[in-house]
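Working notes, beginning with the structure itself.
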Amino acid sequence: MPKSLVIVESPTKATKIGKILGSDYIVESSVGHIRDLPANAAEVPAEHKGKPWASMGVDTEHDFEPVYVVNPDKKKTVANLRKLVKQADELILATDKDREGEAIAWHLLEVLQPRVPVRRMVFGEITDAAIRHAIEHTIDLDERLVDAQEARRILDRLYGYELSPVLWKKINPGLSAGRVQSVATRIVVERERERMAFVPASYWDLSAELVKEGGSAFESSMTALDGARLASGRDFDQQGRLTSDGVARLDETRARAIAAGLEDATFTVSSVETKPYRRKPPAPFSTSTLQQEAGRKLRFSSSRTMQVAQRLYENGYITYMRTDSTMLSDSALTAARDQIRARYGDDYLPDSPRIYAKKSKNAQEAHEAVRPSGETFRTPDELRGELGSEERRLYELIWTRTIASQMTDAVGQTVSVRLEAPVGSQGGEDAGATAQFSASGRTITFPGFFRAYVEGSDDPEEALADRETFLPPMAEGDVLSAEEVTAEGHETKPPARYNEPKLVQKLEELGVGRPSTYASIISTIIGRGYVWKKSGALVPSFTAFAVVSLLERHFAHLVDYEFTAKMEDDLDEIAAGNFDRVPWLSRFYFGGPEGGTAVAGAGSGGPSGDGPAVVANPLGLKEMVTDRLDEIDAAAINSIPLGQDSSGTTIVARVGRYGPYLQRGEDTASLPDDIVPDELTPQRAEELLEAPNDDRLLGTDPETDQPVVARNGRFGPYVQLGDPADGKPEKTASLFSSMSLDTIELSDALRLLSLPREIGRHPEDGEPITVQNGRYGPYLKWGKETRSLGSESELFTVTLDDGLKLLAQDKKSARQRSNPVLRELGTDKVSEQPMSVRNGRFGAYVTDGEVNASLRKGDTVENLTDERASELLQMRRERMAAKGQTPKKSASRKKATKKKSAKKTSAKKASSARKRS
């Protein structure tokens with residue numbers, strides 16, 4: 001009997017919604033996007049091959065019409081959905097209500113071509129009430145959101161496909177440029193440049209532990225000397241220069257003398273100022289603030305936060321987690337206020353609900369704030385047995401933030417006390433001067449929302465501001481004595497590197513990207529090797545320096561913060577129906593006059609009526625890339641000046657094909673993998689360049705009478721045949737991973753130099769079969785066929801029979817044989833499959849049987865935690881999703897069963913979707 005077919009994006013949502021709707025509905029998953037622009041030349045449809053724009057999959061000659069293809073790994077999914085549509089009496093599209101969700105729904109319509117009524121169902125939470133309400137109140141497909149998503153996708157394709165080849169030619173193959181990722185990389189690189197240019201400055205100040213007779217001691221700080229304010233860190237610039245006039249800068253000698261002169265001094269209170277203190281609760285979470293706070297409080301990466309939030313949403317515990325809104329629905333306000341009254345009492349409940357203004361005007365504003373789902377919030381304690389550790393911690397954070405947002409203010413009072421003391425005779429040049437000190441205290445008279453929640457901070461010292469600090473009662477003229485006076489030295493610090501929460505905050509502040517994309521942006525720049533983590537901080541690679549330098553010098557507006565933010569605003573205007581995307585894309589790609597084409601009846605521009613921000617480029621992106629390619633000096637782009645050595649010779653760090661290295665004249669030296677740019681001072685670079693030569697003469701080759709030398713090179717330790725002083729060696733061979741320069745013998749070196757080794761000839765064609773050690777490990781080669789070997793030692797033991805058996809296997813089986821398990825790990829939170837670290841052709845990687853993710857810079861097999869392994873796998877999933885790929889399910893993983901659902905209540909026919917070729 002025909003039933004309604006409901007299509008969602010994920011199997012988890014399908015299962016949950018199927019249980020709610022019941023047996024009258026078939027709920028199936030599309031597993032994300034079913035089609036996209038071609039991922040490579042092989043996917044380009046035959047009718048378009050050979051056209052100048054074919055590789056991009058965007059017809060730049062005809063209004064930037066995209067060419068969509070069904071993702072190869074989605075063909076079975078599409079076939080199944082087509083079959084189900086034919087058996088259904090209506091189709092209900094229940095993808096997320098945002099740009100991506102609306103685009104998925106539109107692509108489903110285009111591909112499935114249903115001949116039954118179509119409805120669009122949207123919801124912000126997966127609860128019985130929300131799902132039943134959504135299916136009874138369906139809407140039409142929002143083609144403006146589809147346009148917005150398509151415009152972004154086309155723009156990103158144009159940007160990446162035109163600029164990435166420039167990076168391949170001028171820096172290194174395999175690099176990529178992206179509209180937002182390149183700007184995010186620039187932010188991280190600029191901060192590192194600031195740190196590299198930073199010159200520290202030293203200054204001293206004093207603190208005194210004071211006590212009033214009969215009272216308790218408290219800390220105070222010296223603020224001025226004879227009315228001149230003491231210099232502090234904010235008075236110095238990045239070059240260590242004092243920039244403030246009229247301040248007193250103390251050195252160690254002077255500070256210690258003043259401390260000695262104050263030991264027996266009398267401290268007199270010169271003023272006492274009391275002010276009321278009031279702190280309002282923070283707003284409920286948006287996507288951005290959720291990522292920031294989970295990073296601070298839970299130490300979650302942005303991608304991990306979104307991964308856990310996705311599981312909470314899909315299982316019905318929280319509302320949709322991609323939102324720019326801080327609004328709460330009426331039912332949510334009621335639920336929060338009921339819990340505050342029951343848990344904390346009426347004193348903690350404001351007279352009326354708190355209403356938080358929307359933070360964003362853009363078209364992604366389709367949801368409430370991130371909050372617990374339902375009309376009565378379940379407490380974290382009630383869910384303790386249902387949620388895993390990560391889910392419970394994030395749910396508790398969301399629950400407490402939501403509750404706190406509707407509580408009363410925290411109130412109290414602050415007290416500021418100023419004191420003066422004469423410097424005694426031991427004060428050196430400052431004897432007889434007056435030292436001014438200050439102390440402050442805070443008391444909380446009513447905690448308000450502090451009872452539930454205290455917002456986290458990136459700086460532990462800032463977090464102290466929320467704590468109470470008590471001072472004894474004092475009045476003007478009171479006299480105090482010092483129990484101890486201490487002189488303290490300080491040094492200014494370079495600006496801190498960004499961590500993930502701070503980078504998210506910076507992206508939001510600049511208007512670069514949108515909150516729903518921040519996690520994927522950060523995952524991308526880490527995954528591409530532009531940024532790596534050191535103790536949680538984001539460190540740019542030397543390759544990132546080269547990429548940013550090229551873009552800044554030759555395509556400056558494309559990594560300009562204001563320009564990128566205005567492009568985001570324009571894309572939002574397209575989503576709002578105010579701008580036409582075709583002339584907008586044309587100006588970006590081909591160039592053209594400034595100004596915008598507003599949609600008829602929509603006004604002349606954005607909120608200010610200024611028209612689109614994509615202004616006239618004299619050439620446009622396409623011609624700009626073509627005309628400027630020859631202008632780009634690859635050597636200059638790939639050089640990062642470090643300064644001069646002790647003799648005045650310039651030292652530069654260079655980005656080479658096989659990694660970064662130092663150069664000073666003709667001298668070169670490899671850079672250690674773990675060195676960070678701001679630590680590479682001229683002094684450190686000179687040490688690396690002048691490190692002792694590790695060459696070891698092992699003996700003489702009996703066949704050629706040439707010396708055999710073991711050396712350390714830019715690409716690792718190796719042996720060479722021939723005298724290093726003669727220039728180019730006769731032959732070289734890398735050491736095995738089990739060998740070292742200190743212990744290798746002549747016999748070992750001669751065996752290495754004997755490679756590649758022929759093990760015999762293939763019986764089919766008589767062609768030789770050889771074994772050799774390559775850049776990615778040992779392998780066997782016959783013509784164009786290759787197979788990886790399990791270990792380096794097999795290079796000397798594998799026989800012709802072994803080689804023929806290996807060649808008879810398919811590459812996948814051979815690869816599995818050659819990738820031994822290095823370490824077993826725990827269970828991945830997403831796939832629920834056991835994880836392991838394996839040794840692959842490209843080095844160590846983590847896998848759950850479905851997704852493989854290479855270990856990144858700073859990761860080691862020994863120190864890899866389950867949490868970091870899951871994060872690497874999720875980053876890989878996100879990159880695959882961006883390319884329209886899906887993980888292959890392991891044979892052991894259970895398939896989600898289709899859930900059939902509750903009686904439909906309406907059969908409104910949707911308007912037919914637009915058609916595009």
Handout entry: Whether the range 22-101 is rounded, prolate or oblate, judged on the alpha carbon gyration tensor where a/c under 1.5 counts as rounded
Key = prolate
Practice task
Work out from phi, with θ = phi - 60° and the Karplus expression 6.51 cos²θ - 1.76 cosθ + 1.60, the ³J(HN,Hα) of each residue of the range 829-837, listed in order in whole Hz, and give x for Gly and Pro.
Solution key: 6, 8, 7, 6, 10, x, 9, 8, 9
Fill in the blank from the handout: Note: ARG299 to SER216 extended length (0.36 nm per residue) minus current alpha-carbon separation gives 26.1 nm
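Send over the per residue convex hull volume for the chain, Cα only, as a whole number of Å³.
Values: hull volume 215.1 nm³, N = 917.
Cα convex hull per residue, to the nearest whole number: 235 Å³.
Go through 342-351, 397-406 and give me the packing order, highest mean Cβ count within 10 Å leading. Mind dumping the intermediate values first?
Working: 342-351: 12.3, 397-406: 24.0.
Peptide ranking by packing, descending: 397-406, 342-351.
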Completion exercise
As a Kirkwood estimate from alpha-carbon pairs, the range 539-598 has a hydrodynamic radius in angstrom of 13.3 Å
Exercise for the section: Would you pull out the residues with amide H under 5 Å of ASP59's amide H, same chain only if 5 or more places away, H placed 1.01 Å from N? Expected result: GLU65, VAL67
Completion exercise
If every Lys and Arg gets +1 and every Asp and Glu gets -1 at its Cβ, then about the Cα centre the chain yields a dipole, in debye to the nearest 20, of 5340 debye
Practice task
Starting from the amide H of LEU225, placed 1.01 Å from N in the peptide plane, find each other amide H under 5 Å away whose residue is 5 or more places distant or on another chain.
Solution key: LEU230, GLN436
Fill in the blank from the handout: Convex hull around the C-alpha positions of the range 736-796: the volume in Å³ per residue is 87 Å³
Practice task
In Å³ and rounded to a whole number, note down the convex hull volume per residue for the Cα atoms of the range 140-253.
Solution key: 295 Å³
Completion exercise
Expressed as a whole-number percentage, the relative contact order of the chain with C-alpha contacts under 8 angstrom and at least six residues apart is 15 percent
Practice task
Name the long-range amide H neighbours of LEU825: under 5 Å, sequence gap of 5 or more, or other chain; modelled H, no Pro or chain starts.
Solution key: MET835, SER836, VAL837
Handout entry: Cα gyration tensor category, rounded, prolate or oblate, for the range 261-364 with a/c compared to 1.5
Key = prolate
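What percent antiparallel are the DSSP beta bridges of the chain, to the nearest 5? Mind dumping the intermediate values first?
Values: 119 of 132 bridges.
So the antiparallel bridges in the chain amount to around 90 percent.
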Fill in the blank from the handout: The ³J(HN,Hα) series, computed from each phi in the range 184-200 with the Karplus coefficients 6.51, -1.76 and 1.60 at θ = phi - 60°, rounded to the nearest Hz and given as x for glycine or proline, is 4, 5, 4, 4, 5, 5, 4, 5, 5, 4, 4, 5, 5, 7, 5, 10, x
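In debye, nearest 20, what is the charge dipole magnitude of the range 380-458 about its Cα centre with +1 on Lys and Arg Cβ and -1 on Asp and Glu Cβ, if you could check?
Values: 7 positive and 12 negative charges, 53 e Å.
So the magnitude is around 260 debye.
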Handout entry: Derived scalar couplings ³J(HN,Hα) [the range 146-152; Karplus, 6.51 cos²θ - 1.76 cosθ + 1.60; whole Hz; x for Gly, Pro]
Key = 4, 4, 5, 5, 5, 4, 4
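How much of the accessible area of the chain, in percent, comes from carbon and sulfur atoms when a 1.4 Å probe is used?
That share works out to 47 percent.
Tell me the mean residue ellipticity at 222 nm calculated for the chain from its helices only (DSSP H runs of n ≥ 4, each -39500 (n - 2.57), averaged over every residue, nearest 500). Please report the intermediate quantities before stating the final value.
Values: 24 runs with 279 residues, N = 917.
So the calculated ellipticity at 222 nm is -9500 deg cm²/dmol.
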Handout entry: Gyration tensor verdict on the range 220-316 (Cα atoms; rounded if a/c is under 1.5, prolate if a/b is larger than b/c, oblate otherwise)
Key = prolate
Handout entry: Within straight-line cross-link reach of LYS829, aspartates and glutamates at Cα separation under 12 Å, skipping those fewer than 8 residues along the same chain
Key = GLU390, GLU391, ASP848, ASP866, GLU867, GLU871
Fill in the blank from the handout: Most packed first (mean Cβ within 10 Å per residue), the peptides 675-688, 18-31, 627-640 order as 18-31, 675-688, 627-640
Problem - Sequence-distant aspartates and glutamates (8 or more away, or on other chains) whose Cα lies within less than 18 Å of LYS19 - result: GLU9, GLU28, GLU125, ASP128, GLU136, GLU314, GLU386
Handout entry: Sites THR379 and GLU703 - FRET efficiency at Förster radius 56 Å, r taken between beta-carbons, to 0.05
Key = 0.10
Problem - aspartates and glutamates with Cα under 13 Å of LYS731, excluding same-chain neighbours fewer than 8 positions away - result: ASP701, ASP723
Problem - Per residue accessible area in Å² of the range 63-181, where ligands, DNA and RNA are left out and the probe is 1.4 Å - result: 37 Å²
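Considering only Cα-Cα distances, which of the following residue pairs are longer than 24 Å: LYS784/LYS805; LYS781/LYS805; LYS75/LYS622; LYS297/LYS502? Working shown, then result.
Values: LYS784/LYS805 17 Å; LYS781/LYS805 13 Å; LYS75/LYS622 34 Å; LYS297/LYS502 13 Å.
Long pairs (Cα-Cα over 24 Å): LYS75/LYS622.
Find, to one decimal place in angstroms, the Kirkwood hydrodynamic radius of the range 462-537, where the mean of 1/r is taken over every pair of different Cα atoms and then inverted.
Details: mean 1/r = 0.0569 Å⁻¹.
For the range 462-537, the Kirkwood estimate is 17.6 Å.
Which order do peptides 843-850, 51-58 fall in by mean Cβ count within 10 Å, highest first?
Details: 843-850: 20.0, 51-58: 17.6.
Most protected by this proxy first, the peptides run 843-850, 51-58.
The values are calculated or read from the model by the stated rules, or taken from the named source; none is laboratory data. All of these numbers come straight from a predicted model, not from anything done at the bench. So basically every Cβ, Gly included, is an ideal-geometry build from the backbone, and we count neighbours across all protein chains shown. Areas reflect the complete protein model, heavy atoms only, side chains present, ligands, DNA and RNA absent. Shrake-Rupley method; radii C 1.70, N 1.55, O 1.52, S 1.80 Å.
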